[in-house]
Amino acid sequence: MEAEKLSLYLHIPFCVRKCLYCDFLSAPAGPDTIRRYVDALSREIRLTSQILGVPAVDTVFIGGGTPTVLETNLLEKLISELRDHFKIAPDAEISMECNPGTVDQDKLKAFRAAGINRLSIGVQSFQNEELRRLGRIHTAEEAVRCFEMARAAGFDNLNIDLMSAIPGQTISSWEDNLQIALSLKPEHISAYSLIIEENTPFEKMMREGLLPDVPDEDTDRAIYHNTGRILSGNGYYRYEISNYALSGCECRHNIGYWSGKEYLGLGIGAASMMDGHRFQVIRELKTYLELFSGSGENVSYEAILNDADSKEVVSKEAVSKEADLNVTDANKTDTSVTRSIWRLPQYEQVEELTENEKMSEFAFLGLRLTDGISRQAFEQRFHRSLDSVFEVPIREHIQNGLLTEAADRETGILVENSGIRNNDGIRNNYRIRNNDRIRLTERGLDLANYVMSDFLLDEE
Amino acid sequence: MADEKKSMNGQDMDIPQERIRNFCIVAHIDHGKSTLADRMIEHTGVLTAREMQDQVLDNIDVERERGITIKSQAVRLIYKAKDGQEYAFNLIDTPGHVDFNYEVSRSLAACDGAILVVDATQGIQAQTLANVYLAMEHDLDVFPVINKIDLPSARPEEVKEEIEYVIGIEAADAPEISAKNGIGIEEVLEEVITKIPAPKGDAAAPLQALIFDSLYDSYKGVIVFVRLMDGTIRKGTKVRFMSSGAEEEIVEVGYFGPGRFIPCDELRAGMVGYFTASIKNIRDARVGDTVTEAARPCKEALPGYKKAQPMVFAGLYPQDTAKYPELKDALEKFQLSDASLFFEPETSIALGFGFRCGFLGLLHMEVVLERLEREYELDIISTAPGVVYKVFKTDGTMIELTNPANLPDPSEIEHMEEPIVSSQIMVSTEYIGPIMQLCQERRGRYLSTEYIEKTRAVLKYEIPLNEIIYDFFDALKSRSRGYASFDYELNGYEPSKLVKLDILVNKEPVDALSFIVHADGAYDRGRRMCEKLKDEIPRQLFEVPIQAAVGGRVIARETIRAMRKDVLAKCYGGDITRKKKLLEKQKEGKKRMQMVGNVEIPKEAFMNVLKLGDDN
């Protein structure tokens, strides 16, 4: 069986200044710390790729924080480390988040030249008052200029991040934002409602009554519905709850998350999903830097893994025939090491998903996509029928109008990433079946959690 | 074997009838009844202080925690008096709550006298009066003791005057004691000998024994607590229960050691003790029944026997529907030792399978609920407690209604009657106003005010029982800042303008929330139920009206808006674990929902709405 290509996420936990709503793992840092972090990250890239047997990669996403705070040479170093140690496909999507106010024309050109082919610009709003309220570091004018510079630098795949439900925002001020975004003609627009997260300045301000008019539920939904209508009128279709794109310009990396593709996260706090295990890199910067400092390079990862693996094999199959064991060991060395990557010392919160959890995640993540989940893909992956596993929620929510059956859409990328593949990676012999998919209706999108929570299976 | 028995029993079997004293202690709650009992036990040396758990006579955990007595208990003490003689004291601890008035009266009937304990700081309270009158009704010789004299605010002289003035018994020489600190205990013990008469009765006469309590033991079967008026019982005596006519052969007789049963050879006239006879069901040895010898019966049964009647009814449902068999099992076990607990299966659209249960009163109900939760770890939803209504139908028949759901169609009802109680409320004069207002609100009929002293008065009211079982005690407490005490007794039935209040959720009546209320209070109650439900029921996919209706006519309405938004805007690789936890929480929430029609109602909502108090 041909191995599925891997997605990579690189976390750059630095920014110029924390925004008031931000609960990401990110903080301002000096150039020395940033340099040391890039060194450590490079070392993590090298070590993990070795252990994974230099896997093929088809999407890379560099996120943060604000990855564009990296100096050009540091980013170039990271990209070349990636290219040296992973088999990055020639047509791979290599995305990077970009904060207006941290880049100039030269930097953008250099990033493009280094191989970044998709830029996601964190605009949030085109109104200075709203930007100020969010605690952003840039103005609306800088955001527009940033976009234009990115185009000029040769980026032909650009996303604009917009935020709705900003305190003080109205339906019409939101639509102004949307119109300005449309006038720039990006390939992709992400539009999120602001979530006031715990332990952020916004949460405290909210409690103290310092946030003006947070838009209510009705305004929030009106904005959401208008957004869908306005964008689709301009050729952008909603392919995920908060993501819109011109056909063919969907973010392949993110679709991977929603369709159960494997991904490896590098850098502090980065989450991975591999071989039925979810795990994440330690969040503590200092510990991470120590772990991947030059001196630690003498530590043999292979030895750690082999040691742990052989212990496991012995304990599980203590009474099995020794001759067999040796043969199996010899043959399996490669995959058994791959399977155990979460044993590496940089990981924490390792969780092995049960079959039920895997099926639940397939469903609730897949339902975020407006194309929903494919019965055929489910069956192919789990060897059970979707309808037998989720009989009650499917029936109930089709009945109450939150779910509907649908035929596959011809968008190509969705089908390819939804787990249906054949040996040569071409979907020519894939037979489109009517009503293969279950997806959320318009109303279902408003109440997605209500539906999704019914797709969580109990553990037996 | 014989020697062993003799030595075990020798200490008191020789004590003649004239040196036996059978008595109880009566008091208002917290005036020190149990503490005094403990000290008397300690002083007579049956138990050392260290051996003795606090308040040994209160056995059930709930009793100990609440400081109340539900079951009667008895203990035999041997007291070596100043006259050099040994006396056998049978101290019978009676239930201390109006719910158990019948049990109290049977325990009193087993005694020849009573010690009246009055708190030197509080003086006479409502239960003091109720209990002392009850004791006097049973012809008990009562002598008072003044407790808590060590407290700075003690005013023993005033309290003594109060006793003489209000109750009319001699109190000038009443012992002044502190049960807590062991002051004056000997004096009390001596008074027992002089003030309380020895039991009468003839050990050779035909057997006549009063059952004053019984309990179920899984090894011995029912243990029957008796006071022998005449005659003698021993192992092998064939006895007859006079109300049922059932006959049994006695397996064991004995007396009450502190916290345990001590077998002996025989019990004779004047003695208090127990017997067992392989009786499987406590209903076969009912409190108040008379036991006689099958071969040589006494002429007539002792007076005063009646079957305990449940006064308060409620539906009990397991919160987890699958726990129904466990609830059934628990209720059956309780019933073995609680003849007044009634239950029968019922079903509710809203709550599933459960039981309609009858209790002596609200306290009895609370104790049962608490024991179900504590001893059986069952989470119980109870419907609002209701009383027994008499429904007179147009066809001339009458039904006793214990479940509002069974109320006949209004067209078939000629009229309805509800139980009324006579109540006395003892209150500091400054709170007379608020308390009178409370009684008015509860449809009370004013009878009289009597001043005990300048600052205290007894208010007498007739109040519908239904108004009392519904948070009356709490309201009384909050409106008098705790300076009121309350006692009541059932006083028959009266016609009343009663209606059934239905609560409709999305046009479907929720059976568990139906009430019988007085017509005048229906609107107010209905409105508050709707408001509360609106807060308790989460938003649904559609708009949900909540209505209160009387006889099909809507009298109050609230509306729960449809759910608008329930979606997480973002979910990428690093978020999945956290978002999944949120969804799991939501799923758990759904599991606690009960479908009523097509509306999901959290089970707690029923509890919270039913708990709805008057003063909030």
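The values are calculated or read from the model by the stated rules, or taken from the named source; none is laboratory data. Just so we're clear, the structure is a prediction, and the values are computed from it rather than from any experiment. Methodologically, a virtual Cβ is constructed for each residue, glycine included, from the backbone with ideal geometry; neighbour enumeration extends over all protein chains shown. For accessibility, only protein heavy atoms count, side chains too; no ligands or nucleic acids. Shrake-Rupley method; radii C 1.70, N 1.55, O 1.52, S 1.80 Å.
Against the list (1) within 14 Å of chain B (Cβ to nearest Cβ); (2) in contact (Cβ under 8 Å) with a residue 24 or more places away in the chain, the condition residue A:399 fails is (2). Scanning the stretch A:71-100 for residues that are open to solvent by 50 Å² or more (accessible area, probe 1.4 Å) and either within 23 Å of residue A:151 (Cα to Cα) or assigned to a strand (DSSP E or B) (or both) turns up A:71, A:73, A:76, A:87, A:90, A:91, A:97.
Once the stretch A:20-29 is narrowed to residues that are surrounded by fewer than 22 Cβ atoms within 10 Å (Cβ to Cβ) and either of a type in the set (A, V, I, L, M) or touching a helix residue (DSSP H, G or I) at 6+ places or on another chain (Cβ under 7 Å) (or both), the residue that is nearest to the other protein chains (Cβ to nearest Cβ) is A:25. Selection within the stretch B:118-145: residues that are more than 21 Å from the chain's Cα centre (by Cα) and hydrophobic (A, V, I, L, M, F, W, C). The member of this set that is surrounded by the most Cβ atoms within 10 Å (Cβ to Cβ) is B:118. The set of residues in the stretch A:363-389 being basic (Lys, Arg), closer than 22 Å to residue A:240 by Cβ and open to solvent by 10 Å² or more (accessible area, probe 1.4 Å) consists of A:375, A:381. Of all the listed residues (B:349, B:282), the sole one being buried (at least 19 other Cβ atoms within 10 Å of the Cβ) and modelled with pLDDT under 85 is B:282. Of the residues making up the stretch A:182-199, those that are away from chain B (no Cβ under 14 Å) and either touching a residue at least 12 places away in the same chain (Cβ under 8 Å) or of a type in the set (A, V, I, L, M) (or both) number 5. When the residues of the stretch B:426-454 are filtered to those that are in contact (Cβ under 8 Å) with a residue 60 or more places away in the chain and in contact with a helix residue (DSSP H, G or I) (Cβ under 6 Å, 6 or more places away or on another chain), the one that is least open to solvent (accessible area, probe 1.4 Å) is B:426.
Within the stretch B:146-167, the set of residues being surrounded by fewer than 21 Cβ atoms within 10 Å (Cβ to Cβ) and polar (S, T, N, Q) comprises just one member, B:153. Quick check: is even one residue across the stretch A:135-152 in contact with an Asp or Glu (Cβ under 8 Å, 6 or more places away or on another chain), surrounded by fewer than 23 Cβ atoms within 10 Å (Cβ to Cβ) and not acidic (Asp, Glu)? Within the stretch A:135-152, one or more residues are in contact with an Asp or Glu (Cβ under 8 Å, 6 or more places away or on another chain), surrounded by fewer than 23 Cβ atoms within 10 Å (Cβ to Cβ) and not acidic (Asp, Glu). Checked against the criterion of being open to solvent by less than 10 Å² (accessible area, probe 1.4 Å) and either in a strand (DSSP E or B) or on the phi > 0 side of the Ramachandran plot (or both), the stretch B:199-209 has at least one qualifying residue.
In the stretch A:256-289, the residue that is farthest from residue A:116 (Cα to Cα) out of those that are assigned to a helix (DSSP H, G or I) and within 11 Å of another protein chain (Cβ to nearest Cβ) is A:258.
In the stretch B:122-139 there is at least one residue matching the filter, namely being out of contact with any strand residue (DSSP E or B) (no Cβ under 6 Å at 6 or more places or on another chain) and on the phi > 0 side of the Ramachandran plot. Across the stretch A:30-43, what is the total count of residues that are out of contact with any helix residue (DSSP H, G or I) (no Cβ under 8 Å at 6 or more places or on another chain) and either crowded, with 18+ Cβ neighbours inside 10 Å or basic (Lys, Arg) (or both)? Matching residues across the stretch A:30-43 total 0. Against the numbered list (1) more than 14 Å from chain B (Cβ to nearest Cβ); (2) over 27 Å from residue A:243 (Cα atoms); (3) surrounded by 15 or more Cβ atoms within 10 Å (Cβ to Cβ), residue A:353 comes up short only at (1). Residue B:186 meets the conditions (1) of a type outside the set (Val, Ile, Thr); (2) part of a loop (DSSP other than H, G, I, E, B); (3) surrounded by fewer than 21 Cβ atoms within 10 Å (Cβ to Cβ) in every case but one. The failed one is (2).
Name, by its number, the condition in (1) open to solvent by less than 20 Å² (accessible area, probe 1.4 Å); (2) of a type in the set (D, E, K, R); (3) at pLDDT 95 or above that does not hold for residue A:454. Status for residue A:454: all satisfied but (1). Taking (1) over 21 Å from residue A:93 (Cβ atoms); (2) open to solvent by 50 Å² or more (accessible area, probe 1.4 Å); (3) away from chain B (no Cβ under 14 Å) in turn, residue A:178 satisfies each apart from (2). Residue pairs whose Cβ atoms lie under 9 Å apart, separated by 6 or more positions or on different chains, with the first residue in the stretch A:436-457 and touching a residue at least 24 places away in the same chain (Cβ under 8 Å) and at the interface with another protein chain (Cβ under 8 Å from one of its Cβ atoms) and the second assigned to a loop (DSSP other than H, G, I, E, B) and of a type in the set (Lys, Arg), are A:446/B:564; A:446/B:565; A:447/B:564; A:447/B:565; A:448/A:368; A:452/A:368. Of all residues in the stretch A:209-246, those satisfying the criterion of being at pLDDT 90 or above, away from every other protein chain (no Cβ under 14 Å) and open to solvent by 30 Å² or more (accessible area, probe 1.4 Å) are A:229, A:230, A:232, A:233, A:234, A:235, A:237, A:246. Given the structure, is residue B:72 open to solvent by less than 10 Å² (accessible area, probe 1.4 Å) and modelled with pLDDT under 65? Yes: the conditions hold for residue B:72. Within the stretch B:1-32, being of a type in the set (D, E, K, R) and either assigned to a helix (DSSP H, G or I) or modelled with pLDDT under 85 (or both) holds for B:3, B:4, B:5, B:6, B:12, B:14, B:18, B:19, B:30.
Restricting to the stretch B:455-485, name every residue that is of a type in the set (Ser, Thr, Tyr), touching a strand residue (DSSP E or B) at 6+ places or on another chain (Cβ under 8 Å) and surrounded by fewer than 19 Cβ atoms within 10 Å (Cβ to Cβ). The answer is B:455, B:483. Can residue B:327 be described as open to solvent by less than 20 Å² (accessible area, probe 1.4 Å), of a type in the set (A, V, I, L, M) and touching a helix residue (DSSP H, G or I) at 6+ places or on another chain (Cβ under 9 Å)? For residue B:327, the condition - open to solvent by less than 20 Å² (accessible area, probe 1.4 Å), of a type in the set (A, V, I, L, M) and touching a helix residue (DSSP H, G or I) at 6+ places or on another chain (Cβ under 9 Å) - is met. Kindly indicate whether residue B:336 is closer than 27 Å to residue B:382 by Cβ and not basic (Lys, Arg). Considered against the rule, which asks whether it is closer than 27 Å to residue B:382 by Cβ and not basic (Lys, Arg), residue B:336 comes out as yes.
Per-residue answers, yes or no, for (1) touching a Ser or Thr at 6+ places or on another chain (Cβ under 6 Å); (2) open to solvent by less than 70 Å² (accessible area, probe 1.4 Å); (3) more than 30 Å from residue B:20 (Cα to Cα):
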| position | (1), (2), (3) |
| --- | --- |
| B:291 | no, yes, no |
| B:297 | no, yes, no |
| B:323 | no, yes, yes |
| B:345 | no, no, yes |
